[in-house]
1. Here is a list: I31, I80. Which entry is more than 11 Å from I127 (Cβ to Cβ), of a type in the set (A, V, I, L, M), in contact with a Cys (Cβ under 9 Å, 6 or more places away or on another chain) and crowded, with 21+ Cβ neighbours inside 10 Å?
2. Working only within the stretch 83-121, note down all residues that are surrounded by fewer than 10 Cβ atoms within 10 Å (Cβ to Cβ) and within 24 Å of A5 (Cβ to Cβ).
3. Taking N71, is it surrounded by fewer than 18 Cβ atoms within 10 Å (Cβ to Cβ) and either out of contact with any His (no Cβ under 6 Å at 6 or more places or on another chain) or over 20 Å from L130 (Cα atoms) (or both)?
4. Does S57 meet the test of being touching a Gly at 6+ places or on another chain (Cβ under 9 Å) and either over 21 Å from A131 (Cβ atoms) or not hydrophobic (A, V, I, L, M, F, W, C) (or both)?
Amino acid sequence: MLSNACKYAVRAVVYLAIHSNVDNKLGAKNIAEALEVPQPFLAQLLRKLTTNKLVSSSKGPGGGFFLDEKNLNNTLWDIISSIDGEYKFDDCFLGLSKCNNENPCPVHHIVSPFKEKILYNFKEKSIAVLAADMEQNGTIISLKGVDLSS
């Protein structure tokens, strides 16, 4: 449903929420290495997020990317709409060009409630709350260093 760019952006913002602040800025290279994503592509996404005021940055020695209090109050939807556009959840699950309640595809009524619930959660959950949930629940945003042999 989400593009790879959007997935990388969400992961980067959540990583910043957990590991950065005004006094601890991170470079795109460090973030890319931690998340195991292509650094040049991630740097481009971080610049776009900064332009859209979803991530903060500073240049020069000690500079880098970070989240301030205002950034932490943004939602997952803010990131998704910034990278993929707001239409993303309007797309038909089966790829039909005209699919809605009046002209439903065969699975529209099955998929539509799930899309609405996901969209609601994306619009309501702030980055700060998501990061706190992750730390509390032990969820991950990278497989780097995770033992997958079990």
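1. Working: I31 fails: in contact with a Cys (Cβ under 9 Å, 6 or more places away or on another chain).
Among I31, I80, only I80 is more than 11 Å from I127 (Cβ to Cβ), of a type in the set (A, V, I, L, M), in contact with a Cys (Cβ under 9 Å, 6 or more places away or on another chain) and crowded, with 21+ Cβ neighbours inside 10 Å.
2. So in the stretch 83-121, the residues surrounded by fewer than 10 Cβ atoms within 10 Å (Cβ to Cβ) come out as 87, 95, 97-98, 101-102, 113.
Residues satisfying the conditions are Y87, G95, S97.
3. Numbers: surrounded by fewer than 18 Cβ atoms within 10 Å (Cβ to Cβ): no; either out of contact with any His (no Cβ under 6 Å at 6 or more places or on another chain) or over 20 Å from L130 (Cα atoms) (or both): yes.
In short, no.
4. Numbers: touching a Gly at 6+ places or on another chain (Cβ under 9 Å): yes; either over 21 Å from A131 (Cβ atoms) or not hydrophobic (A, V, I, L, M, F, W, C) (or both): yes.
It is true that S57 is touching a Gly at 6+ places or on another chain (Cβ under 9 Å) and either over 21 Å from A131 (Cβ atoms) or not hydrophobic (A, V, I, L, M, F, W, C) (or both).
Here is a yes/no grid of residues against (1) touching a residue at least 60 places away in the same chain (Cβ under 8 Å); (2) at negative phi; (3) of a type in the set (D, E, K, R); (4) assigned to a helix (DSSP H, G or I):
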{"site": "D78", "(1), (2), (3), (4)": "no, yes, yes, yes"}
{"site": "S82", "(1), (2), (3), (4)": "yes, yes, no, yes"}
{"site": "G95", "(1), (2), (3), (4)": "no, no, no, no"}
{"site": "N103", "(1), (2), (3), (4)": "no, yes, no, no"}
{"site": "P106", "(1), (2), (3), (4)": "no, yes, no, no"}
{"site": "V111", "(1), (2), (3), (4)": "no, yes, no, yes"}
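Computed from the coordinates by the stated procedures, all read-outs in this text should not be read as laboratory data. Small disclaimer: the values here were computed from a predicted structure and weren't measured. A quick note on method: Cβ atoms are made from the backbone with ideal geometry, for glycine too, and the neighbour counts reach across all protein chains shown.
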